[in-house]
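The values are calculated or read from the model by the stated rules, or taken from the named source; none is laboratory data. Just so it is clear, the model here is predicted, and its values are computed rather than measured. Methodologically, a virtual Cβ is constructed for each residue, glycine included, from the backbone with ideal geometry; neighbour enumeration extends over all protein chains shown.
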Amino acid sequence: MSGTSRAARTATAALSEPPADEVKTSTCYMCACRCGIKVHLKQGRIRYIEGNRDHPVNRGVLCGKGAAGIMKQYSPARLSSPLRRVGERGSGEFEAIGWDEALEIVASRLARIRAEDPRKLAFFTGRDQSQALTSWWARQFGTPNYAAHGGFCSVNMAAAGLYTLGGSFWEFGEPDWEHSRYFMMFGVAEDHASNPIKIGLGKLKGHGAKFVSVNPVRTGYSAIADEWLGIRPGSDGLFVFAIIHELLRSDRVDFAFLSRYTNAPWLVIDDPGAADHGLFARGADGEPLARDGESGALVDATTTNFSPSLVGAATLADGRRAVPAFELFARRYLDPANAPEAVAAETGLPAETIRRVAGEIAEAAFESEVVVDVPWTDWTGRRHETMIGRPVSFHAMRGISAHSNGFHTCRAIHLLQMLLGAVDAPGSFRYRPPYPQSIPPAPPPAGHRADVRPGQPLPGMPLGFIRGPEDLLIDETGKPERIDKAFSWDAPLAAHGMMHMVIANAHAGDPYPIDTLLMFMANMSWNSAMNAAATMEKLTDRDPETGEYRIPFVVYSDAFNSEMVAYADIVLPDTTYLERHDCISLLDRPISDADGAADGIRQPIVTPDRDVRPFQDVLLDLGARLGLPGLVDEAGAPLYPGGLPDYMTRHERRPGVGMLSGWRGADGKAEGRGAVNPDQLDRYKENGCFWRQELTPEKRYFRFANRDYLDHAEGMGWRDVATPITLELYSETLQKFRLAAEGHGPHQPPDDMRERIAAHFDPLPIWHQQLSDARLGKGDYPFHAITQRPMVMYHAWDSQNAWQRQILGRNRIYLHRGLGERLGIADDDWIWLTSAHGRVRAQARLMDGVNPDTVWTWNAIGKRRGTWGLSPDAPESREGFLLNHLISEFLPGTPDAKDANIDPVTGQAAWYDLKVRIEKATPEEAGTSWPQFEILPGPRGEHRAVHPSAGRRGRA
Amino acid sequence: MTTLPKSTGRKLGLVIDLDICVGCHACAVACKEWNDGGSGGPLSDLAAYGADPTGVWFNRIHSYEVDGAGSGGCGGGSSGQTVYFPKSCMHCETAECVTVCPTGASYKREEDGIVLVDAETCIGCKLCSWACPYGAREYDQVDRVMKKCTLCVDRIYNDALPEIERVPACVSTCPVGARHFGDLGDPDSAVSALVEDRKGYGLMPEAGYGPVNRYLPPRARRDREQAAAVTLPADLCDDLSPDNRLLKWVDRLFSR
């Protein structure tokens, strides 16, 4: 029979058939956005998923990824039981084993490692949203070798923001969509905050604000921009410098903002060669000094009721000279080298365009200020009758982040915001609670040699914020203490760790060999690695002397048969997001918005029909089997036998502060701080699986200096102090590293790294050519190659999805029509891209909306044959490809760890620095993409989608 | 062969704002999801995990580059635009897909103008898809009948749903707010006002089918025309050197 009869003419009753007999709320997991969802169930099966109107992230809307979540639940790529490798590693040959056996194998190995040398466990998680638990677990285990995937994702955005504003673009802030009159977006931003940005853009354009997109490619958000600036990849910093130049030149500067809220007036010691050159001049109690412009006296820069000079040298008590930080800033960017004419060629943007854009920004900021009629009190207790804002906002993400100059470029954007007074002001970029934090946030990372002791936890978290060379995780010879070399001279401010270096370093035994690699949802043998083919080799390489794998043991957890599964010795199958609890914690990556703090949970919607367990439950179980402190009681019994829900409810990080902020306290009425409430999860479920605390209007702007907000943040446990936060136009932290490189202080880099540190740790933003470019012969690889994020897909996860892959099941190499004509390439031609590292072959598509020197493709569409439940002739494998094969984790020339292909400040993987040359493929080569790899065995999908309505499909 | 109603009480339809559509496919997937399990479904997929996956979609998003052919491709030199164009049944006033139907399976509802297919009487002859100038009809190769956008007729009148949800799934889910639903036959409706205000248009009116859905064209892009108004003044100093510029700021004092 056919189910279509219900579309028949049309009794009213048929049109009112209840679509569901049960509705459960939860949180989406189809990307990093974490929207609220309502899952409608009929007879126990999922009927449809829609956005939750009450949820602060998405307000009822849902994107194409979220709606397709239903098909992920029925994906044939789902793993169905724990697996033990029986063939060679990489062959994909496994046997199914039981959970007890799998967990005992892993636990006994980890117990031995912990008793001998906890560093021998490297635990790295991929695209998870559970770092509040996983980082704590690593700490309790005692290994410093922990991180999530931020090192190749967005650490430049996070670090540049946190070291400058105490907040960041990324997920810690958002434009004031309501009041902004001018909005500039840099680069790819389609994956994080995906629905809030879409909602915001619709609102912004409805208000008649101007939207400028700075992106080499005109797709997605860029398509609806009022102005598209197709900049050359990696040159954004120069463009921002030129805007700053124009604002300074024409005197369009918010001096009042700089004087009150930033360190622009602080005096910087000018004594070249001295150990404190470039540091702030300080008084007897360490207080920074500024010069009172009225009296000429040197005063504590943090006090009020004086008018600091922003320019003009001062003489310090010891007779030395010092100048305000602003003067150093102004001199640098007033230099003709930063004028629009000087940067036009490198950016590909005409000087007159840059000058006009600067003028538009100045006009929006200073001629159309926004006044919000709400009185507020500043940090000194002074009352202001209104909130006056500069309605210019910026947002940036991966397009800035994934370059070796990304940290400084992002910092430059933040300095531009300060210059305009456009930080957490009405109409500008706004923080999301619990941001802003102190600059940098506390504490530094744990993991010094002395911190790592057999059988003991670390004294602190493995990730954190370095304050100066003394905090680095290096031994007395300067050698890195972590397997990924984060927080070493290689990458001092590597706040998210460097997952992209783990396999290469572990394989090389540099800085030391490890025993076990434990990874969760990290597709390192494919689209999550630079250099995917070599990563596969490193995972399977044996030491010829011992015959053992160089990386002795690999444990991998994933819900799906991704490319990485074949490289594990033990596979721990995870559930889908509709089958488990999760915690979206303020201790991790919050889902707050600028007007309120929020956190949330996921709850199981359906019961797994396979022998799978939620990874976080497994981690808690493993921790209890290992007897980790905090996971067992004195008698050795598990403290959280109920798994993650139990931990979410009862674990306290500090007294009264736990994983969730809502409905705390015995009576369930406390927020932020409060005793454990055993019924807390029920309250979340009753409230749509989220908690949100709206900030009262006087706390919504100027939060770095807003008395009511600062007190509130301390009360909620978001910060331990209520002190104001001074925005850092000038970064003394960076200067400390430069001084070390110049030979000052007890902690200095090795001689062969001095130049690199001195060059890149500039207290004011610099721009430099992409590091890999500098190693290439001029003209050998003339074109940039980058990826974009399609809004309907999120990484490799979605290729298995029966609906999403119909929309985008293969990727092309897109290039400018003019470039195609020059190279004799027509639409549909098969072409080769060659980098200094490798080659890929794929089919070309010509277009107009792309920078003429740039080729691009969609991210993570290409799949290895035999994975993800797809048939081996799936277009994702046959015609799709990854750009990753062209990118090395090392710079061209020397495979030397100190020449990693990273931002030297943060360790951010510089995969957008890629340069290529282009050649036509021969007719014989046409038809399939290259490289191709062995077909992996694994579950295969049927040729029809398996869907909740499948029971009604009579005809096959 | 099948007759249209002389007139319809209302003209329900969609208004789609091309100025803010970012091509995210939220509408297409939400449509697929609702209708696959709804009265217009199932929406079959073939080779879902195979070499050439295809399926029934009532709403498809097309993308075009316009007016920019051969332009510099870079800001300041390019006049081109990328436009995303979602397309589904227009619920035409003179729907030839209905009049060509040999069995009466295709019909237009008198009360609201929605064009539907009765799967029980559809013989899968595809005449209607040949008649539709918009390519909006979708033949289901599994069920061997024609299927199409129902304007979520099983949502918009569904008493089991809260009133706010009684709009088509594509409208409910659209993240940018580019999709609107209402009575385009009522000049006082919100959607009619929007069409009036933004000079909305029907697709290919010259084909003569009287499409009900309306598209709001992209607003004029505000890029270069503002230039003259906001160009920053020449430097306020006679001498453009940084030193001179800085001197002018020595007395620029603001109390902390």
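Structure data summary
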quantity	calculated
Residues of region A:552-572 satisfying the condition of being touching an Asp or Glu at 6+ places or on another chain (Cβ under 8 Å) and closer than 14 Å to A:R85 by Cβ	A:P552, A:F553, A:V554, A:V555, A:M564, A:V565, A:V571
Subset of region A:41-64 (residues that are more than 8 Å from chain B (Cβ to nearest Cβ) and buried (at least 24 other Cβ atoms within 10 Å of the Cβ))	A:N52, A:H55, A:V57
Test: A:G455 is under 27 Å from A:S557 (Cβ atoms), in contact (Cβ under 8 Å) with a residue 24 or more places away in the chain and not charged (D, E, K, R)	yes
Options A:G478, A:G468, A:G447, A:G497; residue that is modelled with pLDDT under 95 and small (G, A, S)	A:G478
Among the candidates A:A774, A:A758, residue that is closer than 30 Å to A:A345 by Cβ and at pLDDT 95 or above	A:A758
Among residues of region A:121-153, those that are of a type in the set (S, T, N, Q), outside any loop (DSSP other than H, G, I, E, B) and out of contact with any Ser or Thr (no Cβ under 6 Å at 6 or more places or on another chain), counted	3
Residues that are in contact with a helix residue (DSSP H, G or I) (Cβ under 8 Å, 6 or more places away or on another chain) and of a type in the set (G, A, S), drawn from region A:138-161	A:G142, A:A147, A:A148, A:G150, A:G151, A:S154, A:A158, A:A159, A:A160, A:G161
Residue selected from region A:302-333 under the condition over 24 Å from B:R245 (Cα atoms) and among the aliphatic types (A, V, I, L, M), by the criterion farthest from the other protein chains (Cβ to nearest Cβ)	A:A317
Pick from region A:16-40, criterion of a type outside the set (G, A, S) and surrounded by fewer than 18 Cβ atoms within 10 Å (Cβ to Cβ), ranking: farthest from the other protein chains (Cβ to nearest Cβ)	A:E22
Of all residues in region B:117-142 being over 22 Å from B:I61 (Cβ atoms) and in contact with a helix residue (DSSP H, G or I) (Cβ under 6 Å, 6 or more places away or on another chain), the one that is farthest from the other protein chains (Cβ to nearest Cβ)	B:A131
Wholly enclosed helices (runs of 4 or more DSSP H) of region B:166-256 bearing at least 1 residues more than 14 Å from the chain's Cα centre (by Cα), farther than 18 Å from B:G113 by Cα and modelled with pLDDT of 95 or more	B:190-198
Only one of B:Y107, B:Y84, B:Y49, B:Y64 that is surrounded by 20 or more Cβ atoms within 10 Å (Cβ to Cβ) and modelled with pLDDT under 95	B:Y49
Among the residues listed as A:I825, A:I813, the single one being crowded, with 23+ Cβ neighbours inside 10 Å and over 24 Å from the mean Cα position of the chain (by Cα)	A:I813
Selection within region B:45-71 - more than 7 Å from chain A (Cβ to nearest Cβ) and part of a loop (DSSP other than H, G, I, E, B)	B:D52, B:V56, B:W57, B:F58, B:N59, B:D67
A:I269 in contact with a His (Cβ under 8 Å, 6 or more places away or on another chain), touching a residue at least 40 places away in the same chain (Cβ under 8 Å) and either closer than 28 Å to B:D17 by Cα or aliphatic (A, V, I, L, M) (or both)	yes
Among residues of region B:171-224, those that are within 14 Å of another protein chain (Cβ to nearest Cβ) and at positive phi, counted	1
Verdict on A:A284 being away from chain B (no Cβ under 11 Å), in contact with a His (Cβ under 9 Å, 6 or more places away or on another chain) and assigned to a loop (DSSP other than H, G, I, E, B)	no
Restricting region B:94-113 to residues that are within 11 Å of B:P5 (Cα to Cα) and assigned to a loop (DSSP other than H, G, I, E, B), the residue that is farthest from the other protein chains (Cβ to nearest Cβ)	B:T94
Selected residue (only one of A:L734, A:L729, A:L681 is touching an Asp or Glu at 6+ places or on another chain (Cβ under 7 Å) and among the aliphatic types (A, V, I, L, M))	A:L734
Count of residues meeting criterion [at the interface with chain A (Cβ under 7 Å from one of its Cβ atoms) and closer than 15 Å to B:C174 by Cβ] in region B:22-44	11
Qualifying position, being under 30 Å from A:S871 (Cβ atoms) and either at the interface with chain B (Cβ under 7 Å from one of its Cβ atoms) or modelled with pLDDT under 95 (or both), among A:P76, A:P82	A:P76
Single condition A:L267 does not satisfy, out of (1) at pLDDT below 95; (2) away from chain B (no Cβ under 12 Å)	(1)
